[in-house]
1. Taking only pairs six or more apart or across chains, which ones have beta-carbon atoms under 7 Å, a first residue in region 31-52 that is within 14 Å of residue 293 (Cβ to Cβ) and open to solvent by 50 Å² or more (accessible area, probe 1.4 Å), and a second residue that is of a type in the set (Gly, Ala, Ser) and within 16 Å of the ligand (Cβ to nearest atom)?
2. So which residues in region 143-166 are closer than 15 Å to residue 87 by Cβ and charged (D, E, K, R)?
3. Of the residues 81, 112, only one is crowded, with 24+ Cβ neighbours inside 10 Å and closer than 23 Å to residue 236 by Cα; which?
4. Find all pairs meeting these conditions: Cβ atoms under 6 angstrom apart; at least six residues apart or on different chains; first residue within region 88-115 and charged (D, E, K, R); second residue more than 13 Å from the ligand (Cβ to nearest atom) and at pLDDT 95 or above.
5. Do you know which residues across region 164-178 are more than 24 Å from residue 225 (Cα to Cα), open to solvent by less than 30 Å² (accessible area, probe 1.4 Å) and either within 13 Å of the ligand (Cβ to nearest atom) or touching a residue at least 60 places away in the same chain (Cβ under 8 Å) (or both)?
6. For region 150-163, which positions are open to solvent by 10 Å² or more (accessible area, probe 1.4 Å) and touching a helix residue (DSSP H, G or I) at 6+ places or on another chain (Cβ under 7 Å)?
7. Inside region 291-311, can you point out the residues that are open to solvent by less than 20 Å² (accessible area, probe 1.4 Å) and more than 17 Å from the chain's Cα centre (by Cα)?
8. Can you run down the residue pairs with Cβ atoms below 9 Å, 6 or more apart or on separate chains, where the first is in region 137-160 and away from the ligand (no atom under 14 Å from the Cβ) and the partner is acidic (Asp, Glu)?
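The values are calculated or read from the model by the stated rules, or taken from the named source; none is laboratory data. From a predicted model like this one, the values you see are computed outputs, not experimental measurements. For neighbour counting, all protein chains shown are included, and Cβ atoms are generated from backbone atoms with ideal geometry for every residue, glycine included. Surface accessibility is based on the protein's heavy atoms, side chains included, excluding ligands, DNA and RNA. Shrake-Rupley method; radii C 1.70, N 1.55, O 1.52, S 1.80 Å.
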Amino acid sequence: SRQWRGLIEEYRSRLPVSDKTPVVTLREGGTPLVYACVLSEMTGCEVWIKVEGANPTGSFKDRGMTMAISKAAEEGAKAVICASTGNTSASAAAYAVKAGMVCAVLVPSGKIALGKMAQALVHGAKILQVDGNFDDCLTLARKLSESYPVSLVNSVNPFRIEGQKTGAFEIVDFLGDAPDIHCLPVGNAGNITAYWKGFVEYATDGVATKRPREWGFQAAGAAPIVNGAPVMHPSTIATAIRIGNPASWEQAVAARDESGGLIDAVTDREILSAYRLLAAKEAVFVEPASAASVAGLLKKHKEGLLDPGQTVVCTVTGNGLKDPEWAIAGAPQPTHVAVDAYAAALQLGLA
Ligand code: F0G
């Protein structure tokens, strides 16, 4: 028995690294693939949940960030920059600390979850709250990286995609083959691009016998790919995917079409319902955006698009603790009790 070494060491032969690459790692990857009893029962399929919130900073971004920061270090970078709805900034901030780099983050003012802001702050990132949305932040970050000595670590950085494709490898390595369907949330569309790359690579090399259909889900108020046009004022409670003009739009459409998959929208109501189901029935606490994958699966099941017996993996991208507001809202307030066993037993319905 040995410990997981982090995804660069585990998948070194499939990643663009060499002996000269300083590996900046927090031992990311190797996340749980949890069998979803209730979702399997509900859909008649074999449903698995890839719990990316178990990564070091609580989201899948760490897969991309270990690669992006390691390559930036190899190139001698002293500073990195990113635009973010929160998770990328949390991850960049942590890996920059590990690499001894300065980290600058641009976030949409007032639109990132509390836990993510806390992470960027505690890791010492330079944070700018931009008076605009994520798309504006990305435009600004790109301009800054073009004109100043700072490396861009958003998913338009190809090393991010390379790191994130390892999520697909882990799924195949664990299940023994690719699933029939892979569901995931879509925001800036880097992750669907990365997973598809990973699945294609494994199938091409004969590690898997097939490739899954990619089922991507956007929030209804921020669904440019579904609408076929950018959304000027994206709106959803799932702040992580509140994006109106995804950078990897074309690659996401290619992943959809080459895989025979789909990209659809789910409402905030559907997202919150899946969010509560995941926590209450599957014991997996995710942030709202992550629940879009499961909301989408249930929507497609309702529409009759799921054949019984298929193997489905839902990637849930971020930890529930990032955005606790939604766990507390709508839940009953815990009642107070004196230090009295009988009173407590009465309250608990035990007596
Ligand atoms: N889920 C979570 C929890 C995310 O943070 C993101 C993206 C996505 C899904 C969508 O992934 O952009 O590759 O399609 N978050 C980025 C950020 C935009 O800045 O943290 P995508």
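1. Listed by first residue and then by second, the contacts come to nothing, as the list is empty.
2. 160
3. The unique qualifying residue is 112.
4. Taking only residues 6 or more apart or on different chains, the pairs are 98/24.
5. From region 164-178, those more than 24 Å from residue 225 (Cα to Cα) are 166, 169-178; that's our starting set.
Filter once more, so that each one left must be open to solvent by less than 30 Å² (accessible area, probe 1.4 Å): 166, 169-172, 178.
Once the filter is applied, which keeps residues that are more than 24 Å from residue 225 (Cα to Cα), open to solvent by less than 30 Å² (accessible area, probe 1.4 Å) and either within 13 Å of the ligand (Cβ to nearest atom) or touching a residue at least 60 places away in the same chain (Cβ under 8 Å) (or both), region 164-178 yields 166, 169, 170, 171.
6. Hits for region 150-163 are 150, 151, 152, 155, 157, 159, 161, 162.
7. Listed by number, the residues that qualify are 300, 306.
8. Between residues of region 137-160 that are away from the ligand (no atom under 14 Å from the Cβ) and residues that are acidic (Asp, Glu), the close pairs are 151/75.
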